[in-house]
1. List the cysteines of the chain that have no other Cys Cβ closer than 4.7 Å: which are they?
2. Which pairs, out of Lys70/Lys157; Lys115/Lys155; Lys71/Lys157, put more than 31 Å between their alpha-carbon atoms?
3. Along each of the three principal axes of the Cα atoms of the range 161-274, give the extent in whole Å, ordering the values from largest to smallest.
4. Please give the solvent-accessible surface of Lys258 in Å², to the nearest 10, using a probe radius of 1.4 Å with every protein chain present.
5. To the nearest 10 degrees, how steep is helix 82-99 against the longest Cα principal axis of the chain, on a 0 to 90 scale?
6. Can you give me the distance in nm between label points at Ile310 and Tyr66, each placed 7 Å from the Cα along the Cα-to-Cβ direction?
7. Using 7 Å Cα-to-Cβ label points, what is the Asn246/Met88 separation (nm, one decimal)?
8. Measure nothing fancy, just the Cα-based angle from helix 106-128's long axis to the longest principal axis of the chain, in degrees from 0 to 90, nearest 10.
Amino acid sequence: MPPVTNITQTHPIAGHLDMVNKRLNDIARRLKINKLELLIMLTYPVIIILGQLIWLVAPAESSMNYFTSKKNIFNVYFVKQGWFWTTMVFGLFLFSVMRDSTVVRKQHGVISCVKKFALITTCWFFFSQWFLGMPIMDRIFVLTGGSCYNVSAEKLKNSEYFKLMDFTIEDLAEFTNQDNDYYYSSSISSRQCKSMRGRWYGGHDPSGHVFLLSLSTTFLMTQLFEFYNSITLRKKLRQFKIDTENHLKNREFVPFLKSLFLDYPIVLLLMLVGLWLWMLLNTTIYFHSLLENLAGLFFSYLASLLSFQI
Ligand SMILES: CCCCC/C=C\C/C=C\C/C=C\C/C=C\CCCC(=O)SCCNC(=O)CCNC(=O)[C@H](O)C(C)(C)COP(=O)(O)O
Ligand SMILES: Nc1ncnc2c1ncn2[C@@H]1O[C@H](COP(=O)(O)O)[C@@H](OP(=O)(O)O)[C@H]1O
């Protein structure tokens, strides 16, 4: 009898995927999180590496692109007010979940997701706004040798925290004028420094943008999949498309907006996540060093991991 060939033998790629899958399960188990949470968290290092590659291979981009400007409208009106937008979209999403009769295990899910939001809001506040004075990110900057330099005498407030600069820092020399006195301080926050037109210079400055964008995205995506799976999500998006076509055909703009904000805020949530990821890519291409971006990500991971324990 001829030897029987094993036609069910798996393809070598399937074997590799199986190994990757086992490895991911392993890491997720050790971190006490689920695989979806792990996969979402792994997207950020990929974006940061992509940003570094773009920066390396296309340096000209950085002088021509609209997104290189700190004053671009997405930065000024969205990222700089990023926690406000995340709160709004999350609030609308939660409200729609509470009204959605197709969602199961609602009460438990809603309570735990409000607790998670309260926790990550506290983390955001301590890291980037205020932590018994200076926020954590500014404390790291000052502890690693950074200060606020080049504050001119006429802009100076709280002069007891400042010392006269009787030296010049080569990199900052262009900003100083030989005829005036300039001051420096390591006791004020980056926001106060900016308000006095000082230069935040010399320390390790973890990226607040990377922190906020990755923490918000992780929270919004994990909460989305807390209440919907890929099938129910696709069904909802298909229904949104049908409803929108009907509204627009009949020129019903107000009912369209009402349905977008009250019935389908998942669309707003996905749009905000898209914008956050795009802005994150831009931060990693044009702003900060790789290490400072990774430090922002590290603190956002800590906050997310804490929230996953609730
Ligand atoms: C619509 C109703 C919402 C209902 C929400 C439902 C449940 C709430 C559950 C719990 C509530 C717990 C706490 C929530 C309380 C308040 C939420 C916060 C409200 C705000 O967001 S107001 C503040 C808005 N400010 C910002 O968004 C500033 C964001 N910017 C920054 O953090 C920084 O600029 C930076 C880190 C991006 C960059 O730093 P710099 O480079 O500028 O130094
Ligand atoms: N994606 C982006 N688009 C525009 N500006 C960005 C940006 N990411 C970071 N920046 C700017 O780079 C600086 C450092 O950001 P961060 O420390 O939060 O990562 C900030 O400048 P300003 O503080 O002068 O606004 C911030 O506005």
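1. That list is Cys113, Cys123.
2. Lys115/Lys155
3. 69, 33, 23
4. We get 130 Å² for Lys258.
5. 30
6. 3.7
7. Modelled inter-label distance: 2.8 nm.
8. The two axes meet at around 20 degrees.
The values are calculated or read from the model by the stated rules, or taken from the named source; none is laboratory data. The shown structure was predicted, so the numbers you read here are calculated from the model rather than taken from an experiment. With ideal geometry, Cβ positions are generated from the backbone for all residues, glycine too; neighbour counts draw on all protein chains shown. The accessibility values were calculated without ligands, DNA or RNA, using every heavy atom of the protein model including side chains. Shrake-Rupley method; radii C 1.70, N 1.55, O 1.52, S 1.80 Å.
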